[in-house]
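Structure record follows, encoded as structure tokens.
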Amino acid sequence: MLYLKHSLTTYTEAQLQRDLQRLPQWRREKALRYRHFSGQAQCTLSYLLLLEALDKEYNIISQPTFFENEHGKPSLQEYPDIHFNLSHCRSIVACAVDDAPVGIDVEDMGRYSERVARYCMNDDEMSQIGSSDLIFTRLWTQKEAVFKLQGTGIRDNIKGILLPENLSNIRITTEEYPTEGYVLSIARYIQ
């Protein structure tokens, strides 16, 4: 299931201070390590969105502890059969929860850079992009969602991760919201 929290642009310092008190100590410390308000807010709200999803989907009301693999992919220490992934950008926080591994990425549009595109896109993807920020953001979120699904972090295969031979058991769903200024992709293994 997908959970989204919009309205980050109207989230206030007072709301952040209130919400920080709802976090367990380890998550509060993580949120406060961000130097800027936006990072603190995104870290706080993504955890609270996960709590909401766990309550609605699994009737879990306790605050779970994260376990992270060597690449930083989190899982729930108390509930190893429940999978989740978090992502955020300037305008939205996203949380996906599932009974199987899942990866999610959400990115703001307007960040297209030809230099970055040439570094992470193969020739076919570059021809699709042209100079389209929307297509660049779509492909970027798809790549990131697959890497997050696999729990490997961004690896050397960034240019080839979306090739058919690398997606034989993966389904990617992408939702584009150009008027809101973001793109969201979810990757799941095909069962």
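Note on segment 59-81: among residues that are in a strand (DSSP E or B) and hydrophobic (A, V, I, L, M, F, W, C), the one that is surrounded by the fewest Cβ atoms within 10 Å (Cβ to Cβ) is F67.
Taking residues in segment 136-157 that are in contact (Cβ under 8 Å) with a residue 12 or more places away in the chain and under 23 Å from Y112 (Cβ atoms), and partners anywhere that are surrounded by fewer than 17 Cβ atoms within 10 Å (Cβ to Cβ) and among the polar types (S, T, N, Q), the pairs with Cβ atoms closer than 8 Å and at least 6 places apart or on different chains are R138/T174; L139/Q128; T141/T174; Q142/T174; V146/N166. The combined condition, being surrounded by 20 or more Cβ atoms within 10 Å (Cβ to Cβ) and hydroxyl-bearing (S, T, Y), is fulfilled by Y47. Residues in segment 100-126 that are aliphatic (A, V, I, L, M), surrounded by fewer than 16 Cβ atoms within 10 Å (Cβ to Cβ) and under 18 Å from the mean Cα position of the chain (by Cα): A100 only. Only one of the numbered conditions (1) part of a strand (DSSP E or B); (2) touching a residue at least 60 places away in the same chain (Cβ under 8 Å) is not met by F84, and that is (2).
When every residue of segment 34-43 is checked against the conditions, none turns out to be in contact (Cβ under 8 Å) with a residue 60 or more places away in the chain and out of contact with any helix residue (DSSP H, G or I) (no Cβ under 8 Å at 6 or more places or on another chain). Within segment 87-138, the set of residues being among the basic types (K, R), within 14 Å of I186 (Cβ to Cβ) and not in a helix (DSSP H, G or I) is empty. For segment 158-191: of the residues being in a loop (DSSP other than H, G, I, E, B) and in contact (Cβ under 8 Å) with a residue 24 or more places away in the chain, which is nearest to C120 (Cα to Cα)? Ranking the candidates gives G160 first.
We did not get these values from a lab; they are worked out from the coordinates using the rules stated. Bear in mind the structure is a predicted one, so any value in this text is a computation, not a measurement. All Cβ positions, glycine included, derive from the backbone under ideal geometry; neighbour counts span all protein chains shown.
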